[in-house]
Amino acid sequence: MDRETQSATELQALRVLCDESVPREQRLTLMQSLSQHVFIEPEHQVVYESIRALLSRGPVSAGQLRVHLNNRGFPDTDIEQYFQSARAGSFGLRPPDNVTS
């Protein structure tokens, strides 16, 4: 998988973690599956760690994530990109060659 595809897959996974329309059980399973993953984008790693900390306490909101990242020293993170609609299961389940535009 090339760097661009890997980055897009990571972003989609983080969107699923932030998506309250995805069942909590599914998000927790995804979070667990990513626990040993080394993210290709450093920002994705930092955001994942914050989501992991927040999700264990309940729903994750953009405001909570913004404050958490700010407190960790990352005030300029574009939070909104992680709260765009995500389709559960649409990341990483199909081979990259079969992805359509």
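Odds and ends about this structure:
- Subtracting the Cα-Cα distance of Arg57 and Gln36 from their residue separation scaled by 0.36 nm leaves 5.5 nm.
- Cα-only Debye scattering, the range 1-43: base-10 log of I(q)/I(0) at q = 0.17, 0.23 Å⁻¹: -0.48, -0.80
- Inter-label distance, nm, simple model (7 Å from Cα along the C-beta direction), Gln26/Phe83: 2.1 nm
- Globularity ratio of the range 39-86, using Cα Rg and 2.2 N^0.38 Å: 1.05
- In the range 3-87, the inverse of the mean reciprocal separation of distinct Cα atoms equals 12.8 Å; this is its Kirkwood hydrodynamic radius.
- Modelled FRET efficiency - R0 41 Å, Met1 with Arg72, Cβ distances, 0.05 increments: 0.90
Every read-out reported here was derived from the displayed coordinates using simple, explicitly stated rules and does not represent laboratory data. Quantities reported herein were computed from a predicted structural model and do not represent experimental measurements. Every residue, glycine among them, receives a Cβ derived from its backbone with ideal geometry; neighbour counts consider all protein chains shown.
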